[in-house]
Amino acid sequence: DAMVIQNPRYQVTQFGKPVTLSCSQTLNHNVMYWYQQKSSQAPKLLFHYYDKDFNNEADTPDNFQSRRPNTSFCFLDIRSPGLGDAAMYLCATSREGTNQETQYFGPGTRLLVL
Amino acid sequence: AQSVTQLGSHVSVSEGALVLLRCNYSSSVPPYLFWYVQYPNQGLQLLLKYTSAATLVKGINGFEAEFKKSETSFHLTKPSAHMSDAAEYFCVTSGTYKYIFGTGTRLKVLA
């Protein structure tokens, strides 16, 4: 089945130690998104890629970066994690990013910052 | 600006009872609307999607939703709740490269 895969499912890091979360997709979609979801809240969009074009949300902290080396893979880098960055991180994809399209979500990576 | 409002952050129903989760939208143009379900420590799974082809939309797991333009609503229903329906439900509308989420409704199913 075509799908969105996130690794690892759980990640523990130390305060200030850089961490990378990964996402891959077999849907061959052009758009990949990263969301942050804190407990009992809706997901919050951090940024998205259309192909290799990176689009940052205005309120995404500089501490969060992303890379998309090819169509299938996208990475979320947190340069200096703080305690407030502990959250579920969700990757999603859509074919072209139009408003009628479905976004397909991965299972998420839960990040714990000690 | 587009938005969705979910009424009730927590809803409890007995097993076998009707499930009704409420969502109202605000949009100056015909919206695209989605319902997603999120089980604990999981990603979001699409339940159903409204794209103006039909006002009554049937989804997975026995859920359906009816688009009512006069009430600007897109409520989610299921005739008979099952224990496995306990989860968080999000009503979503969309723009280009953007999902606009409701605040979510946590459904609890009582035995």
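None of the figures in this text is laboratory data; all of them are computed from the coordinates on show. Note that this is a predicted model, so its numbers are computed, not measured. Glycine also receives a Cβ, built like all others from the backbone with ideal geometry; neighbour counts cover every protein chain displayed.
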Nitroxide proxy distance, nm - points 7 Å out along Cα→Cβ at A:K52 and B:L46: 2.9 nm
Three-way shape label, chain B, alpha-carbon gyration tensor, a/c 1.5: prolate
Potential extension, B:Y39-B:T77 segment - 0.36 nm per residue separation minus Cα distance: 11.9 nm
Label point distance in nm, A:Q100-B:S84, each placed 7 Å from Cα along Cα→Cβ: 3.3 nm
Residues with amide H under 5 Å from that of B:R106, placed H, sequence gap 5 or more: B:H10, B:V11, B:Y89
Pairs beyond 22 Å (Cα-Cα), from A:K38/B:K68; B:K58/B:K78; A:K44/B:K58; A:K44/B:K78; A:K38/B:K69: A:K38/B:K68; A:K44/B:K58; A:K44/B:K78; A:K38/B:K69
Calculated FRET value between A:D62 and A:D1, using beta carbons and R₀ = 41 Å, to 0.05: 0.65
